[in-house]
Each structure stands twice: as structure tokens, then as C-alpha cells.
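Here, each number is a calculation from the coordinates, and none is a lab measurement. Predicted, not measured: the structure shown is a model, and the values here were computed from it. Cβ placement follows ideal geometry from the backbone for every residue including glycine, while neighbour counts extend to all protein chains displayed.
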Amino acid sequence: MSQPSDKKANQYGVTPQSTDFNDWYNEIVLKADLADYSPVRGAMVVKPYGWALWENIQKILDGQFKATNHEALAFPMFIPMSFLQKEAQHVEGFAPELAVVTHAGGELLEEPLVVRPTSETIIGHCWAKWLKSYRDLPFLHYQWGSVVRWELRPRLFLRTTEFYWHEGHTAHSSHTEAVEETLRLLEIYRSFARDYAAMPVIAGRKTDSERFAGAVDTYSIEAMMGDGKALQAGTSHYLGQNFAKAFEVKFQDENQKEAFAHTTSWAISTRIIGGIIMTHGDDKGLVMPPRLAPIQVVIVPIYRKENQDQMLEAARVLGTELKALGVRVKIDERDGLTNGAKYNYWELRGVPYRIELGPRDLEAGNVVLASRLGGEKEILARGEAIAGLPGKLEAFQNALLEKAETFRNSRIKTADTWDEFVDLIEQGFFVRAFHCGEVESEKKIKELTKATTRNIPMDSEGDLGAAEEGVCVHTGKPAAYGKRIIFARAY
RNA sequence: CGGGGUGUAGCGCAGCCUGGUAGCGCACUUGACUGGGGGUCAAGUGGUCGUGAGUUCAAAUCUCGCCACCCCGACCA
């Protein structure tokens, strides 16, 4: 662990966000014990604390999938190379980043196997076998697993060679139903990000150039990181009949006619952990949203040698009472560290609340409560503190969301002229602007400003999605989409 | 692949110019003292100096090749 003597590090041993946001991010991930580098470039090791966070994310999302009648299953990680080639856009999109197995069992394989970059193709293949009648539909499937994309510039959590996710795949008899499904998942993602990760996101449809390889429409939730850059935190795709036609996913409909299924796919990956870090983290380290935090409250017993056993025991009893209320508690029983070192240790790891329990408190029947969001430490009567903690955790959750929302709202601006647009992007804002919808123009904008279209906000996004007419901020042509869209530099 | 940079203990670095057989801080181990915001003292563990070759009595240090990693750009959940 680096010390305050490090060149760029602050008193907490971390490069401040304002000095270098990227360095800050990398250091936090490593020092907070979320992940580590592996011997393979770009492939990360997720450490227990990071995985515990991911497990909490999985639990919530998995519950929501099941509540909407989806079924979990598992497809293999190896896909015949020829499958990828069946959907033209798809192979074009993924070819550069495929990892391919050419040898197995000591022999050259007749057909190379792709390590799945995503599973639309192999699932399409299987569905074709399973689907006979409209009565079989819909297929509402999803799987938890990992996929491999040979990225050129990996970053812990944000862009790793192998990453963990769930991928949902559904097949429907009608266009309408498939589109409903696509939007249903977008809403599940939006509310998950907001209500659990405390990340305010903009739900919207992607423009042509940002669409998933092989999709008819791609929807995303876009979050704003602490440096103003955008992070695509989840996607939901309406695939139309593209994959159904490539894999002959067809059935006999009510009118005894042969029809192709309409399919969707959707995903949230471990990337969202990077999003949580960069949305809430500060110069002391992580700040975990309580609803996802592996540890919600840490108890630091304060003692001297002569009362060590007594204080540890008191801490354990307190911990047990909190656990009984459903609070995720950790007791820091490590000896030989000063209290200050422990405080910093848990603050770096973003634990929302810390209870200090010392001899004076024990005698007076009090505890000291400190919030990761700062402010004065509170001295509370023991019983009151215990009973009040679940409520405080909720309040903490809300405060985090509010903080993130205030920050985000202050960094979304509207531009009507090109000069304005460039200036705002340069300053790191999300920019609402009209666009003509031409892919060439999007490319040019990216070249000139490094900004891309994030999405076309849904009508439900309030002012951000309000209907409005205007002319393209880049070409001056009439605007497409009937509203302003979001531009930003992105991860 | 293009541009830049770095490889010396787990991490961060010094030593290299001017060759003489490796050092500092943190971490780690042991003990004592300490203990309400990153403690003190003492004693320790840990390195074929990225790799191969060359020059030399002698190479972390000089020469040449190779490799790896990091940062910036194109790609992306």
C-alpha cells in the first residue's frame, strides 16, 4: 500500500481525483481489494471484496428476471466459428476481438472454436431445434457467465478481456411483444441502476452508429462518471428477425404459416462496478451504496490490553444484534493496528457506516457512529443506534443518489451552435443537441471532439426526452429524432 | 499497429553517467511498549537487478539483440 510519501498521493495514500482521475480509479480498484491484474494482459482477477459486490448485484437482478418470468440456463462457452459468420453485421462487429481455439486434445481442430464474445449465435442455433409452434413462445432465457473480447486497451472492470455478466435472450412471436420485452428490460436496468447502485442514468435508444452488431434497435442506460465522462452501464437490444433468419428460428403460427421469431438480448456486466466506483468514489476511496455494499457497517472496538477481551466481546454482541436486523456487519478484530489506520482502511473500502465502541461508550451505554459521507461523528444511545441503523442506511442510499443526481444535472448542458457544442464537450459536459441522424456526421463529430452520441432519451426521461424541433448542431440540416440527443465523451 | 515511457524485494523508488559483487521507504515476521483518526523502539525475512549474448580480471552499471508491461490513439458491455 502506498503511503502519504508517494509523489502524487494525498493523506489517504491515493492520487486525488482532481490530480488524475484515471490514476485515482486504478489505485482505488487495487487498494480497495476489488480486483488485481492477472498474468494475462487485460484479464483481471476479481478479489473477494469485489466479487461480494458482484454477488449482491447478481442477487438483485436475478430476482427481477425471475419475477418477470425469465428462466436461467447455461450455454457452452465454445462456439463454432461458422456460427458467427451467419449474421453478416454480427461477424463484422466482433471479428476483430475474437479469441479463437484452433487446437484441442493435442490436435488441430477441423473447425476453429470461438470463445464466446456473446451468445446470440449458439442460442439461435439451439432455439431453431427447440421451436416448432407459436405455442412454444416466448422463450425467456438468460444466463450468468463470462465472455471474452480481445480488447486492445483493457481497464480493470471497464474493459477487460474476459468479463462477467448475465446475457438475456428472448424469442417472441410478434414484433410488438419483442419490443415490449426490450423496453421492459431497459426499465429493469434503469431502475436497478437508480434504486440500488444510486446511479442516475439516462435511458434511451442508440443512434445508428452505436447500435449492437446485428440489432435493429439498441437501447442503453448511460451514466455520468465523476470526471464527466459517460459510461454505458447496460444495454437491451431488439434484434428483429435478423438472428432468427440467420439461424432459422421459425415456427408455425396460428394461421398455419411459417414465421420467424422476433428476438431480443440484453446485458449488464461487471463494468457496472467501475461505474459505481466512478460515480460515488472520492479522494478517500470507494463509497458503497448501502443496498449493494458487501459490508454496510463496520464495528471498530477500541481497547487497551487490559480490557481487550471485554471490548471485543461487546463488539461481537453488538454485531450479532445488528445482524439480526438484517444489517451486513463486519467486526474489525485485528490487533496491532491503530484505530486511525482501521478507519482509513474501511473508508478506502467505502463501508457506509462505522461504529466505534470504546470503554467510555460501553460504560455510558453509547456508541459512536461515523458516516462515510462525512460530517460529525454522532454519539448515540446503544439501543437507539441499533434500531436506527436500517433507516440510516436507507437515508445514506438516498443521499448518495441525490448527490449523484445533483452532480449529473449540473453537468448536462444544451448547445445550439457548433462553437457552443465544442466548448461544452471540451469542458467535459454531457451536451443535449439536435442531430441530423447521419452516420457520417456522427463520425466527423467524434473525430473532431472525441464525443459520441450516447443515446436518444426516452420520452419518460422528462426534460431530457422532451419533444422539440431544431436543426443539427453539426450540419445545420433538419434534426432527426424529434428531440435533442445526448453527446459526451465516453469510456 | 502508430507515438511515448518503464523494467532493480510484494509495492514505490535510488544506484547506472564515472564498472568493484545491491540500498532506501512502505508492506511482511517476532518481541516489548502503545492504543478514541494512518504509533514507537528493537531484531528479522525477502532480490539469479526482465532476458540472451558481447566487452572486461570484474557488469545492475558499458555495447547489441530480444521480451514484457504501462500511458496516448483506433475498437468496446
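For chain A, the dipole from Cβ point charges (+1 on Lys and Arg, -1 on Asp and Glu) about the Cα centre works out to 580 debye, to the nearest 20.
Remark: relative contact order (segment A:32-280) = 20 percent; criterion is Cα-Cα distance under 8 angstrom and separation of 6 or more residues. Computed from label points 7 Å out along Cα-Cβ, the spacing between residue A:440 and residue A:37 is 4.4 nm.
For the residue pairs A:31/A:330; A:229/A:403; A:66/A:323; A:47/A:342, alpha carbon separations beyond 22 Å are given by A:66/A:323. The 3J(HN,Hα) values that the Karplus relation (6.51, -1.76, 1.60; θ = phi - 60°) gives for segment A:172-185 are, in residue order, 9, 7, 10, 4, 4, 5, 5, 5, 4, 4, 4, 6, 4, 5 Hz. Gly and Pro appear as x. The Cα center of segment A:284-323 and the Cα center of segment A:183-206 differ in position by 33 Å. Any aspartates and glutamates with Cα under 15 Å of the residue A:305 Cα? List them, leaving off those in the same chain fewer than 8 positions away. The qualifying aspartates and glutamates are A:313, A:333, A:335. Taking amide H as placed 1.01 Å from N in the peptide plane, residue A:483 has its amide H under 5 Å from the amide H of A:468, each at least 5 places away in sequence or on another chain. Find which of A:434, A:451, A:421 sits farthest along the positive direction of the dipole of segment A:412-488, computed with +1 on the beta-carbon of Lys and Arg, -1 on that of Asp and Glu, about the Cα centre. Value computed over the given set: A:451. Each residue, residue A:337 and residue A:174, gets one label point 7 Å from its Cα in the Cβ direction; the gap between the two is 5.9 nm. The charge dipole of segment A:412-488, taken about its Cα centre with unit charges on the Cβ of Lys, Arg, Asp and Glu (plus for the first two, minus for the last two), comes to roughly 220 debye. Each Cα pair under 8 Å and six or more residues apart adds its separation to the average, and for chain A the resulting relative contact order is 13 percent. Among A:152, A:34, A:61, a tally of other beta-carbon atoms within 10 Å of each Cβ gives an order, fewest to most, of A:152, A:61, A:34.
Here residue A:316 and residue A:387 are evaluated by their C-beta separation; at R0 = 25 Å the FRET efficiency comes out at 0.85.
In terms of other Cβ atoms within 10 Å, A:458, A:77, A:225 run from fewest to most in the order A:77, A:458, A:225. For segment A:83-91, backbone phi angles converted through the Karplus equation (6.51, -1.76, 1.60; θ = phi - 60°) give residue-by-residue couplings of 4, 4, 7, 6, 10, 4, 5, 4, 5 Hz, Gly and Pro being listed as x.
Segment A:333-396 and segment A:416-476 have Cα centres spaced 46 Å apart. Once C-alpha pairs closer than 8 Å and six or more residues apart are averaged by separation and normalised to the residue number of segment A:1-156, the relative contact order reads 21 percent. Computed from the C-beta positions of residue A:152 and residue A:255 and an R0 of 45 Å, the FRET efficiency is 0.35 to the nearest 0.05. By the Cβ distance rule of under 4.7 Å, chain A has these cysteines without a partner: A:126. In this structure the amide hydrogen of residue A:114, modeled in the peptide plane, comes within under 5 Å of the amide hydrogens of A:79, A:81, A:101, none closer than 5 places in sequence on its chain.
Modelled label positions at residue A:283 and residue A:469, each set 7 Å beyond Cα in the direction of Cβ, lie 5.1 nm from each other. Coupling constants for segment A:282-299 follow from the phi torsions by the Karplus curve (6.51 cos²θ - 1.76 cosθ + 1.60, θ = phi - 60°), and in residue order they are 9, 5, 8, x, 6, 9, 8, x, x, 5, 10, 4, x, 10, 8, 9, 10, 9 Hz; glycine and proline get x.
Charged side chains reduced to their Cβ positions (Lys and Arg at +1, Asp and Glu at -1) give segment A:290-429 a dipole of some 520 debye around its Cα centre. Over all pairs of different C-alpha atoms in chain A, the reciprocal of the mean inverse distance, the Kirkwood hydrodynamic radius, equals 24.8 Å.
Remark on residue A:10: its backbone amide H falls under 5 Å from those of A:15, a criterion applied only to residues 5 or more positions apart or on other chains, H modelled at 1.01 Å from N.
Compute the acute angle (0 to 90°) between the alpha-carbon long axis of helix A:339-348 and the principal axis of greatest extent of the alpha-carbon atoms of chain A; round to the nearest 10°. Long axis of A:339-348 versus the principal axis of chain A: about 10 degrees. Adding -39500 (n - 2.57) for every DSSP H run of four residues or longer, then dividing by how many residues chain A holds, sets the calculated 222 nm ellipticity at -11000 deg cm²/dmol.
Cβ crowding within 10 Å ranks A:237, A:103, A:141 as A:103, A:141, A:237, fewest other Cβ atoms first. Spatial offset of segment A:219-270 relative to segment A:54-120 amounts to 15 Å, using the alpha carbon center of each. Please list, by residue number, everything in segment A:432-448 whose backbone N is under 14 Å from a paramagnetic label point 7 Å out along Cα→Cβ of residue A:426. Those under the cut-off are A:448.
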